[in-house]
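Structure first, then comments.
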Amino acid sequence: MEVRLVTELSDCPDTMEQHGKQSGPAARLDAILRHLSPRLGATPAPTSVPTSAQASAVPQPGNFCYTLDNDTLTTEQRQFYEDNGYLLIKKLVSDEDIERFRKEFIRICKKEVNVPGAMIMKDESLRYQYGQSEKVVNKVQDFQEDEELFRYCTLPEVLKYVECFTGPNIMAMHTMLINKLPDSDKQTFLHPMHQDLHYFPFRPAARIVCAWTAMERADRDNGCLVVQPGTHKEPLKPHGYPKWEGKANKLFHGLLDEDEKSPRVHLVMEKGDTVFFHPLLIHGSGINKTSGFRKSISCHFASSECYYIDVKNTIQKQLEKEVIRIWTCKI
């Protein structure tokens, strides 16, 4: 089975390095412009190969709006996702696979492997101390050309659950391996509460899901995910930079009008645990107060029936302008 990937814009930190002869800043800007503005020449979404299980891409009559009929999820699991916008599956990804992903990440950090099109994101302030290493690189984004890391997006145990939200024709939209660095002072890797759909000019939202797998224990000490249950039922809200002087990386946007009283759940996860969540679910992550690194690997998947929207006259318009400004400066 093949899973095709559509590159999309994501929450990029302050410093980025791009690899690949055909994937320089100009090419990246062109790709982003096409994805943000179909009027500039976006091509149709690629055809994907169906997964083996059968599921309708159209919600069935009844109480379920965000999950599809198949035999993977129990009624209780479906209802939990319907109510809360996320679902945690314990020990879904094997230790062996996670260790393979970890080793490939280290190879990328050491520049032992070149990944075309990937953005290697770093804390530049640490480079003089550690050089190019795990202690500097905090994210590998758009790793679809790395055969080893992209295996995550094709794992049958992951796709089995993805299909419950997208239907049988699945696209991988966006990939990340996050290495949350120790950050107890500057707090530059604190990610404000946000909705992922803010970064995606792709609809309908109900047929998009993120699979996020912990590569080691994630808890409140090392900056686990924090979610606001039920907020996937709310519309896409205005986002921007939080008023944290010196603590916000480029494009680490957060809600402009955050409800501080809304209940929050800290998702404590063990190695291999995987959470699936809706792109409108409000979530974020805290700082890493430990001396170690909190790694996770993730992919946003969508039904191949999804389509691009024009962000003109929408609340995503300002994001488009910022992306154009950033990438124009880099060319």
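The values are calculated or read from the model by the stated rules, or taken from the named source; none is laboratory data. Keep in mind it's a predicted model, so treat the numbers as computed, not measured. Positions of Cβ are generated from backbone atoms using ideal geometry, with glycine treated the same way; all protein chains shown enter the neighbour counts. Heads up: the accessible areas ignore ligands, DNA and RNA and are worked out on the full protein's heavy atoms, side chains in. Shrake-Rupley method; radii C 1.70, N 1.55, O 1.52, S 1.80 Å.
Scanning residues 5 or more positions from Gly85 or on other chains, those with amide H under 5 Å from its amide H are Gly230, with H placed 1.01 Å from N in the peptide plane. Between Tyr241 and Tyr307, full extension at 0.36 nm per residue minus the direct alpha carbon distance yields a gain of 21.0 nm.
May I ask for the net charge around Thr72, where only other residues with Cβ less than 12 Å from the Cβ of Thr72 are counted and Lys, Arg are +1 while Asp, Glu are -1? Once all neighbours under 12 Å are counted, the net charge is -2. Spin-label model, Ser133/Asn70: points 7 Å from Cα along the beta carbon direction are separated by 4.3 nm. Suppose each label sits 7 Å from its Cα in the direction of the beta carbon; what would the Glu216-Asn63 distance come out to in nanometres? Taking the simple label geometry, Glu216 and Asn63 are separated by 4.1 nm. The HN-Hα couplings worked out from phi for the stretch 78-93 by the Karplus form 6.51 cos²θ - 1.76 cosθ + 1.60 (θ = phi - 60°) are 4, 5, 5, 5, 4, 7, 10, x, 8, 8, 9, 10, 6, 6, 7, 9 Hz, whole numbers, x standing for Gly and Pro.
Near Asn288, the amide H atoms lying under 5 Å from its own belong to Asp183; only residues 5 or more places off or on other chains count, and H is placed 1.01 Å from N. The GluC sites (Glu not before Pro) found in the stretch 86-115 that occupy coil by DSSP, while having at most 15 further C-beta atoms within 10 Å, are Glu112.
Shown in residue order for the stretch 137-146 are the 3J(HN,Hα) couplings computed by the Karplus curve 6.51 cos²θ - 1.76 cosθ + 1.60 at θ = phi - 60°: 7, 10, 6, 10, 10, 6, 8, 4, 8, 8 Hz (x for Gly and Pro). For the residue pairs Lys233/Lys261; Lys111/Lys135; Lys103/Lys271; Lys139/Lys289; Lys122/Lys312; Lys122/Lys233, the alpha carbons lie more than 23 Å apart in Lys122/Lys312; Lys122/Lys233.
Put simply, the amide H of Lys180, placed in the peptide plane, has neighbours under 5 Å in Arg294, Lys295, Ser296, leaving out anything fewer than 5 places away on its chain. Using the Karplus relation 6.51 cos²θ - 1.76 cosθ + 1.60 with θ = phi - 60°, the per-residue 3J(HN,Hα) values for the stretch 283-293 come to 7, x, 8, x, 7, 8, 8, 9, 8, x, 10 Hz, with x marking Gly and Pro.
Taking the 1.4 Å solvent-accessible surface of the stretch 193-288 as the whole, the part contributed by carbon and sulfur is 51%.
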